[in-house]
Every structure is written in C-alpha cells, then in structure tokens.
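A quick write-up on the structure given underneath.
The values are calculated or read from the model by the stated rules, or taken from the named source; none is laboratory data. These figures come from a predicted structure and were not determined experimentally. Reconstructed Cβ throughout: ideal geometry from the backbone, glycine too, with neighbour counts over all protein chains shown.
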Amino acid sequence: MKPHRAPYRVIYGDTDRMGVAYHANYLRWFEIGRSELFRSLGMTYRQIEEKGFFLPVSEAFCKYIASAVYDDLIAIETAVDPSVRAGVKFNYRIMGPAPEERPLATGHTLHAFVNDKGRVVRPPSFFLELLRED
C-alpha cells in the first residue's frame with residue numbers, strides 16, 4: 001500500500017510564541033493522517049466504530065528532524081506497516097513546505113483492535129479487505 005498524503009496548513013494555534021509548531025501537535029497531525037488515510041480507502045473512523053471496533057493507541061513514537069512554522073503548508077504521509085498482524089501500525093512522515101519538501105518528522109503509532117466490550121481482538125475481516133483493495 002502506497003502512503004496517503006494529506007495537506008495541512010500550520011495554524012497560529014499550533015505554534016508557540018516563536019511561531020514554531022509545538023511538539024505535541026505532530027501527534028495530532030499523525031491522527032489527521034490516519035483519518036484521511038481511512039477516508040481515502042472509503043471508510044471513516046466513525047464507520048469503523050459503528051461496526052463495534054475501536055483502535056486505541058498502544059504506542060506512539062516521533063522523531064523530530066526540523067521545525068514546522070506558522071503558515072507552512074505541510075504534508076502528512078501515512079502508510080500501514082504490513083509487518084504487524086495482531087493490530088495495526090501506521091508509519092508517518094511530516095514533510096515541510098514545497099519546493100524543498102524536506103522531512104520535518106517521522107514516526108509511528110501502534111494500535112490494538114478492541115471490540116465494543118473492551119476486549120482486544122484480531123483485526124476484523126472488513127478492515128483487512130479495506131487494506132487489500134488499495
């Protein structure tokens with residue numbers, strides 16, 4: 001599966017007094033990347049939850065390389081790591097504005113699948129099929 005790319009404009013509220021994006025916002029941008037990846041595959045987070053499955057984060061990692069600043073148009077690249085079978089792992093690259101498009105951060109999040117009773121379960125077949133269709 002090729003990475004999905006979602007544009008995002010760094011807003012003033014994302015930054016500190018120096019106009020530099022606050023470090024925790026990168027994890028928010030990872031979430032935007034996941035949501036937009038699902039949407040590009042034809043299913044939203046809400047639809048997954050309506051089927052009785054939830055994807056809590058069990059691990060998050062971010063390697064900061066360079067700073068995003070106010071009004072940058074960045075790109076959030078998100079891909080599913082096919083090596084994980086028990087849950088789902090998303091890999092991310094936050095890319096700086098054109099024309100350089102240098103990496104600003106890389107990272108990943110690992111998610112368990114939990115059913116509506118709060119029990120950890122294997123990824124449901126509809127989710128696996130969604131990934132295979134891409």
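Give the residue, chosen from 105, 98, that is surrounded by 17 or more Cβ atoms within 10 Å (Cβ to Cβ) and either closer than 29 Å to residue 125 by Cβ or touching a residue at least 24 places away in the same chain (Cβ under 8 Å) (or both). Break it down stepwise before answering.
Values: 98 fails: surrounded by 17 or more Cβ atoms within 10 Å (Cβ to Cβ).
Within the list 105, 98, the selection yields 105.
Does segment 31-45 contain at least one residue that is loosely packed, with under 12 Cβ neighbours inside 10 Å and without any contact (Cβ under 8 Å) to a residue 24 or more places away in the chain?
Of segment 31-45, the ones loosely packed, with under 12 Cβ neighbours inside 10 Å are 42.
Filter once more, keeping what is without any contact (Cβ under 8 Å) to a residue 24 or more places away in the chain: none.
No, there is no match, as no residue in segment 31-45 is loosely packed, with under 12 Cβ neighbours inside 10 Å and without any contact (Cβ under 8 Å) to a residue 24 or more places away in the chain.
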Exercise for the section: Restrict the check to segment 6-22 and report whether at least one residue is touching a residue at least 24 places away in the same chain (Cβ under 8 Å), within 30 Å of residue 120 (Cβ to Cβ) and more than 13 Å from the chain's Cα centre (by Cα). Expected result: no
Problem - Residue check for residue 66: of a type in the set (A, V, I, L, M, F, W, C) and without any contact (Cβ under 8 Å) to a residue 60 or more places away in the chain - result: yes
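Could you tell me whether residue 90 is surrounded by 15 or more Cβ atoms within 10 Å (Cβ to Cβ), under 16 Å from the mean Cα position of the chain (by Cα) and modelled with pLDDT of 95 or more?
Details: surrounded by 15 or more Cβ atoms within 10 Å (Cβ to Cβ): yes; under 16 Å from the mean Cα position of the chain (by Cα): yes; modelled with pLDDT of 95 or more: yes.
In short, yes.
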